[in-house]
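This report refers to the structure that appears directly beneath it.
The values are calculated or read from the model by the stated rules, or taken from the named source; none is laboratory data. Keep in mind that this is a model prediction, so the values were computed, not measured. Neighbour counts are summed over all protein chains in view; Cβ atoms, including those assigned to glycine, are modelled from backbone coordinates with ideal geometry.
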Amino acid sequence: MRKFIVGTDWWTDCDDAVAMRILARTHKSRQIKIEGIGINACMEYSVTSLEGFLNTEEVYDIPLGIDLKATDFGGNPPYQKRLSVHAKKFKNNKDASDAVKLYRKILSKADEKLEIIEIGYLQVIADVLKSKADEISDKSGLELINDKVSKIWVMAGKWDEENGKENNFARSSRSAEAGNIFCDLCPVPVTFLGWEIGHSVITGGELQQNDVLYQVLIDHKKPDGRSSWDPMLVLLAIIGNEEKAGYQTVCGKASVNAENGLNNFIKIPDGNHKYVIKAKSDDYYKNIINNLIRTI
């Protein structure tokens, strides 16, 4: 069984929740195992709302971590407070582990290589890469990721143009710096799914009105569905093969400007980075995702 750490900016947008349903259901059915989830955008109800959502999916066993410093992304979505009523274990954000420590703990204990899925900002992974040996492990974060991670799947960037600009890299000075550090330091293969891939694939509009996830979309004012950046990245990672998932790939070396978050890509045949290009129609991806998240 393939194992994952998941990072999410569980914050204002609703595509994270659509993606989290796919992850929760594949974890619950034992198609994959999620070893932990790190929240990399922090607001009042971050941890309790994520736990609450997972509880509605009957998934209770996933450790949660958070970057408590990540309060500079803004927003106050109503669905976060609504979902928090379903929380049982956590009372507030401080009840969760520090995300960097959670990642280091999971990696240090892993007896086989796992994968990382990132559908949010990259500062937690960047901080892991920069981390030194500590009480958790005598290895640096760079060593842990090199030894214990086989691949990282990232929703970030805009790869169909030079100097592409996308939220997960360019939201703030911290996200830009994190993207720069990640692209420069990450020692393992990375596949990026960019803004241009998910923007026109609209999912979630077929949910029943009594569905918790439908209420999330309503609160985000997207009752007819939302662009599928995060669900498409999650689905790609779960399938684990870009071609089988319906994509072509471009290999090379990605870079992110540390000051403004603009991304660029140098094509290299054997490069450690890839970005994907859709090989199927939008309806192809839409129908798969809608089937995975349908109301049960």
Exactly one of these conditions fails for Ser172: (1) at pLDDT 95 or above; (2) of a type outside the set (D, E, K, R); (3) crowded, with 16+ Cβ neighbours inside 10 Å. Give me its number. (1)
Restrict the check to segment 115-126 and report whether at least one residue is under 21 Å from Arg2 (Cβ atoms), without any contact (Cβ under 8 Å) to a residue 60 or more places away in the chain and within 20 Å of the chain's Cα centre (by Cα). no
When the residues of segment 152-202 are narrowed to those that are touching a strand residue (DSSP E or B) at 6+ places or on another chain (Cβ under 6 Å) and among the polar types (S, T, N, Q), which ends up farthest from Lys69 (Cα to Cα)? Thr191
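For (1) touching a residue at least 40 places away in the same chain (Cβ under 8 Å); (2) crowded, with 22+ Cβ neighbours inside 10 Å; (3) assigned to a helix (DSSP H, G or I), each residue gets a yes or a no:
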residue	(1), (2), (3)
Lys132	no, no, no
Trp159	yes, yes, no
Asn168	yes, yes, yes
Gly179	yes, yes, yes
Cys183	yes, yes, yes
In the set Val85, Val47, the lone residue that is more than 17 Å from Phe4 (Cβ to Cβ), at pLDDT 95 or above and surrounded by fewer than 20 Cβ atoms within 10 Å (Cβ to Cβ) is Val85
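Yes or no: Gly261 at negative phi and not hydrophobic (A, V, I, L, M, F, W, C)? Spell out the reasoning first.
Values: at negative phi: no; not hydrophobic (A, V, I, L, M, F, W, C): yes.
No, not satisfied.
Quick test for you: out of Gly36, Gly120, Gly65, Gly74, pick the one residue that is closer than 25 Å to Glu166 by Cβ and either surrounded by fewer than 23 Cβ atoms within 10 Å (Cβ to Cβ) or of a type in the set (A, V, I, L, M, F, W, C) (or both).
Numbers: Gly36 fails: closer than 25 Å to Glu166 by Cβ; Gly120 fails: either surrounded by fewer than 23 Cβ atoms within 10 Å (Cβ to Cβ) or of a type in the set (A, V, I, L, M, F, W, C) (or both); Gly65 fails: either surrounded by fewer than 23 Cβ atoms within 10 Å (Cβ to Cβ) or of a type in the set (A, V, I, L, M, F, W, C) (or both).
Just one listed residue meets the conditions, Gly74.
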Step by step: first the residues of segment 189-217, then only those that are without any contact (Cβ under 8 Å) to a residue 40 or more places away in the chain and part of a helix (DSSP H, G or I), then the one that is nearest to the chain's Cα centre (by Cα). Which residue is that? Trp195
